[in-house]
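Read the structure below first, then the notes.
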Amino acid sequence: MRNAYFVLAALAVAVVTFAVARLIDNAYVFFAGYVVLQYVVLATAWNILGGFTGYVNFGTAAFFALGAYTTVVLHKTMPFLPLPAMMLIGGAISGLIGLGMGYLTLRLRGTFFSIATLAMAVVAQTLITNWNFVGGSRGAYIIRPSDSPIFSGDYIQYLFVVMLALSVISVSLARAIQFSRLGFGFSAIRDDEGAAEASGVPTLKLKLIATALSGGLMGMAGAPLPYYVTYLDPASGFSLSYAVNTIAMPLIGGTATWLGPVIGAILLGTLQQVATVTISSALSLLLVGVLLVTFVIAAPKGIVGWFKK
Amino acid sequence: MDLSFDLLGNALVSGLLLGGFYAAVTIGVSISFGMLDIVNIAHPAFIILGSYTAYIANSVFGFDPILSSIVLLPAFYLLGMAIYHVYDVSFERRGDASIRGLAFFFGVLFITEVTLVLVFGVDYRLVDAPYVGPSLHFGVIDLPLRLLVPFLVSCALIGSLQLFMSYTFLGRAVQAVAQDPMALRLMGANPSKIKRIAFGLSIASCSVAGAILIIIQPVEPSIARDYIGRIFAICVMGGLGSFGGTIIAAVILGVMESLTSTFYGPSWSPAVAFGFLLITLAVRPSGLFGRT
């Protein structure tokens, strides 16, 4: 029941956010807001596996880009599909890939899983680069429709609303998991996997659930990307900055709760949008790296940890 | 594509030489990840840093890249000691090295890469040395000096590290840390001091590895990522910390990649390392020559 109240509250926040963005009535607000929301989803998704169960995924870019390239394929073969359907398919594919990866590597120590995800990003990029149907290394062009299909306004507003809805879904999901039996199982794995296994927690099964959920949400976050950028090439889809950002945001916000990644994503995402416009995009990435290292050394519990003393 | 013997022979030889080079690139991770259990995923970034220092020494001052990288070994050693010190104080002593330690090295990897981009841009850089251009010929087999010289340097690097590990007091102390840090502590030795030295050595190897990398191929900051998969695939397949295993695994990977790029095209070769890594992890996680 508390979950229902939370979803209502989150929906209310989302409606207010959209209303404010409409009032400002500037296309840039929607473009920048979309990126911040996309990071809210990515950071929350990463945290389900990384923060709750303690398995570090370096392959965010791979899951994200798989979702994006699924849309490219669907756009070429079945252009009549609505965007949310494409997102579901992209999410399902990324989730399945996560499940397969996890099945091969999650029985080992956590570091092997992390290294495997890092390598997976490189290989997925190699496969896409060699796949001519989706443009290969030349990239693919997608024509963004001009108007929103469900309300009056630009298509970018529609993308913004879609991402807003996905944020509500993923944050609510993360919160529900945190307070459920599943979440308790996850934190048992994080704190002491051997002890958890010995007390009857089905560790492999739970880890696979976490990986599939996390990968699926990342794929869903990536699915609208081709319509947002209108030109997608492997180098930008698989950019390492997605991986760095999605790790930095939960760690800066705090990994133990659902709230940490949201705070981290909003702060860091907004900061980067501002820094990209005012300084340069390379420097804004440097900023993320420096903040990540500073926070893991100086504030291991993140921003949320400051208020829990 | 029909299989021609010349092509196959050349692919095998260059794969062998490439494998020797991969062993030099991996040897540092064999020390840090294999022996000390520090997951230094920033290792390739330090190798690229080594490439750029060799590039500066070569293009600005006109020095030989390999000689200058040997001169710079102490600087990389100190850098490694400094990084280990931060890591030790911030993570190992607090006892949560896993997630935060990984995130720390990931941040270091990213900072190094972006800094190199800001300073040098994303252009490919080359070095100039007498052995970059010419090749030796044995019948139908070509031996490009560009690959042969790095191979020999790599053998020398690994040989000297192996001698150090087997015959010096410090080297044996490092092996002791690798086997049982707790027992070492009970003997009254301080593991973090020994680990600091060993980590320094692992980063020092990046200076030489970076120099031979930029001899073999042009370098730009983001190629570090291509090496992460390779390095860890070799390290895991070689059985974590075994130098002999590292060399054999590196040669196997080098030959496989060379065959792949000869017969299927170079754009497929990054996938080989990952395939190896996944198969190794799934089938035999202790590596080909692992102890357990």
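Need the failing condition index for A:G260 against (1) over 26 Å from B:R93 (Cα atoms); (2) more than 11 Å from chain B (Cβ to nearest Cβ); (3) touching a residue at least 40 places away in the same chain (Cβ under 8 Å), just the number.
It is condition (1) that A:G260 fails.
If we scan region B:257-274, do we find a residue that is at pLDDT 85 or above, more than 9 Å from chain A (Cβ to nearest Cβ), under 14 Å from the mean Cα position of the chain (by Cα) and part of a helix (DSSP H, G or I)?
Within region B:257-274, not a single residue is at pLDDT 85 or above, more than 9 Å from chain A (Cβ to nearest Cβ), under 14 Å from the mean Cα position of the chain (by Cα) and part of a helix (DSSP H, G or I).
Restricting attention to region A:9-20, which residues are under 22 Å from the mean Cα position of the chain (by Cα) and within 14 Å of A:G153 (Cα to Cα)?
Matches in region A:9-20: A:F18 only.
So is A:L108 over 21 Å from A:S236 (Cβ atoms) and either modelled with pLDDT of 90 or more or in contact with a Gly (Cβ under 6 Å, 6 or more places away or on another chain) (or both) or not?
Details: over 21 Å from A:S236 (Cβ atoms): yes; either modelled with pLDDT of 90 or more or in contact with a Gly (Cβ under 6 Å, 6 or more places away or on another chain) (or both): no.
No, not satisfied.
Of the residues A:L268, A:L251, which is out of contact with any Phe, Trp or Tyr (no Cβ under 7 Å at 6 or more places or on another chain) and modelled with pLDDT of 85 or more? Please lay out each step first, then the result.
Values: A:L251 fails: out of contact with any Phe, Trp or Tyr (no Cβ under 7 Å at 6 or more places or on another chain).
Answer to the check: A:L268.
Looking at region A:172-187, can you tell me whether even one residue there is under 21 Å from A:T60 (Cα atoms) and small (G, A, S)?
Yes; the residues of region A:172-187 include at least one that is under 21 Å from A:T60 (Cα atoms) and small (G, A, S).
Which one is nearest to the other protein chains (Cβ to nearest Cβ) among residues in region A:297-309 that are assigned to a helix (DSSP H, G or I) and farther than 22 Å from A:V36 by Cα?
Start the filter on region A:297-309 by keeping residues that are assigned to a helix (DSSP H, G or I), which leaves A:297-298, A:302-306.
From what is left, the residues that are farther than 22 Å from A:V36 by Cα are A:297-298, A:305-306.
Numbers: A:I297: 4, A:A298: 8, A:G305: 13, A:W306: 17 Å.
Out of the qualifying residues, it is A:I297.
Hey, any hits in region B:76-84 for a residue that's away from chain A (no Cβ under 14 Å), modelled with pLDDT of 85 or more, under 30 Å from B:N10 (Cα atoms) and surrounded by fewer than 20 Cβ atoms within 10 Å (Cβ to Cβ)?
Here is the first cut: in region B:76-84, the residues away from chain A (no Cβ under 14 Å) are B:76-81.
If we keep only those that are modelled with pLDDT of 85 or more too, we end up with B:76-81.
Then keep just the ones that are under 30 Å from B:N10 (Cα atoms); that gives none.
No: region B:76-84 contains no residue that is away from chain A (no Cβ under 14 Å), modelled with pLDDT of 85 or more, under 30 Å from B:N10 (Cα atoms) and surrounded by fewer than 20 Cβ atoms within 10 Å (Cβ to Cβ).
Quick one: how many residues across region B:222-232 are more than 7 Å from every other protein chain (Cβ to nearest Cβ) and not polar (S, T, N, Q)? Steps first, please.
To start, the set of residues in region B:222-232 that are more than 7 Å from every other protein chain (Cβ to nearest Cβ) comprises B:222-224, B:227, B:230-231.
Within this subset, residues satisfying the condition of being not polar (S, T, N, Q) are B:223-224, B:227, B:230-231.
Total satisfying the criteria: 5.
Which residue is modelled with the lowest pLDDT, if the candidates are limited to region B:187-203 and must be outside any helix (DSSP H, G or I) and not hydrophobic (A, V, I, L, M, F, W, C)?
B:G188
Is at least one residue of region A:264-281 under 26 Å from A:T71 (Cα atoms) and either crowded, with 24+ Cβ neighbours inside 10 Å or within 12 Å of another protein chain (Cβ to nearest Cβ) (or both)?
Yes: region A:264-281 contains one or more residues that are under 26 Å from A:T71 (Cα atoms) and either crowded, with 24+ Cβ neighbours inside 10 Å or within 12 Å of another protein chain (Cβ to nearest Cβ) (or both).
Looking only at residues in region A:99-155 that are among the aliphatic types (A, V, I, L, M), over 22 Å from B:C235 (Cα atoms) and outside any helix (DSSP H, G or I), which one is nearest to the other protein chains (Cβ to nearest Cβ)? Spell out the reasoning first.
The initial filter retains those residues of region A:99-155 that are among the aliphatic types (A, V, I, L, M), namely A:99, A:101, A:104, A:106, A:108, A:115-116, A:118-124, A:127-128, A:134, A:140, A:142-143, A:150.
From the residues that got through so far, the ones that are over 22 Å from B:C235 (Cα atoms) too are A:99, A:127-128, A:134, A:140, A:142-143, A:150.
Then drop every residue that is not outside any helix (DSSP H, G or I), which leaves A:140, A:142-143, A:150.
Numbers: A:A140: 17, A:I142: 23, A:I143: 28, A:I150: 39 Å.
So the residue we want is A:A140.
Has region A:42-52 got any residue that is assigned to a loop (DSSP other than H, G, I, E, B) and either within 11 Å of chain B (Cβ to nearest Cβ) or under 21 Å from A:P250 (Cα atoms) (or both)?
Initial filter on region A:42-52 (assigned to a loop (DSSP other than H, G, I, E, B)): A:51-52.
Filter once more, keeping what is either within 11 Å of chain B (Cβ to nearest Cβ) or under 21 Å from A:P250 (Cα atoms) (or both): A:51-52.
Yes, some residue in region A:42-52 is assigned to a loop (DSSP other than H, G, I, E, B) and either within 11 Å of chain B (Cβ to nearest Cβ) or under 21 Å from A:P250 (Cα atoms) (or both).
Here is a list: A:L66, A:L81. Which entry is away from chain B (no Cβ under 14 Å) and in a loop (DSSP other than H, G, I, E, B)?
Only one candidate passes the filter, namely A:L81.
Does region B:204-249 hold any residues that are within 23 Å of B:D64 (Cβ to Cβ) and outside any helix (DSSP H, G or I), and which are they?
Across region B:204-249, the qualifying residues are B:Q217, B:P218, B:V219, B:E220.
I'd like to know if region B:150-159 contains one or more residues that are touching a Pro at 6+ places or on another chain (Cβ under 9 Å) and modelled with pLDDT under 90. Before the answer, list the steps.
Step one: filter region B:150-159 for residues touching a Pro at 6+ places or on another chain (Cβ under 9 Å), giving none.
Checked against the condition, which is being touching a Pro at 6+ places or on another chain (Cβ under 9 Å) and modelled with pLDDT under 90, region B:150-159 yields no hits at all.
Conditions (1) under 13 Å from B:L18 (Cβ atoms); (2) buried (at least 23 other Cβ atoms within 10 Å of the Cβ); (3) among the β-branched types (V, I, T), marked per residue:
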residue: B:R230; (1), (2), (3): yes, yes, no
residue: B:C235; (1), (2), (3): no, yes, no
residue: B:L253; (1), (2), (3): yes, yes, no
residue: B:E257; (1), (2), (3): yes, yes, no
residue: B:T260; (1), (2), (3): yes, no, yes
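Look at B:S90 and say whether it is modelled with pLDDT under 90, touching a Ser or Thr at 6+ places or on another chain (Cβ under 9 Å) and within 14 Å of another protein chain (Cβ to nearest Cβ).
No: the conditions fail for B:S90.
Hey, among B:L147, B:L184, B:L161, which residue is more than 12 Å from chain A (Cβ to nearest Cβ), surrounded by 15 or more Cβ atoms within 10 Å (Cβ to Cβ) and without any contact (Cβ under 8 Å) to a residue 12 or more places away in the chain?
On the way: B:L147 fails: without any contact (Cβ under 8 Å) to a residue 12 or more places away in the chain; B:L161 fails: without any contact (Cβ under 8 Å) to a residue 12 or more places away in the chain.
Only one candidate passes the filter, namely B:L184.
Could you identify the single residue in A:T77, A:T129 that is of a type in the set (S, T, N, Q) and without any contact (Cβ under 8 Å) to a residue 12 or more places away in the chain?
Numbers: A:T129 fails: without any contact (Cβ under 8 Å) to a residue 12 or more places away in the chain.
One residue alone meets the criteria, A:T77.
Residue check, A:S284 against (1) at pLDDT below 85; (2) more than 11 Å from chain B (Cβ to nearest Cβ); (3) touching a Ser or Thr at 6+ places or on another chain (Cβ under 8 Å), all met but one. Which one?
The one condition A:S284 does not meet is (2).
Do we have any residue at all in region A:251-258 that's over 18 Å from the mean Cα position of the chain (by Cα), under 22 Å from A:S170 (Cβ atoms) and assigned to a helix (DSSP H, G or I)? Lay out the reasoning, then the answer.
To start, the set of residues in region A:251-258 that are over 18 Å from the mean Cα position of the chain (by Cα) comprises none.
There is no residue in region A:251-258 that is over 18 Å from the mean Cα position of the chain (by Cα), under 22 Å from A:S170 (Cβ atoms) and assigned to a helix (DSSP H, G or I).
The values are calculated or read from the model by the stated rules, or taken from the named source; none is laboratory data. Since this is a predicted model, take the numbers as computed values, not measurements. Quick reminder, even Gly has a Cβ in these numbers, built from the backbone with ideal geometry, and neighbours come from all protein chains shown.
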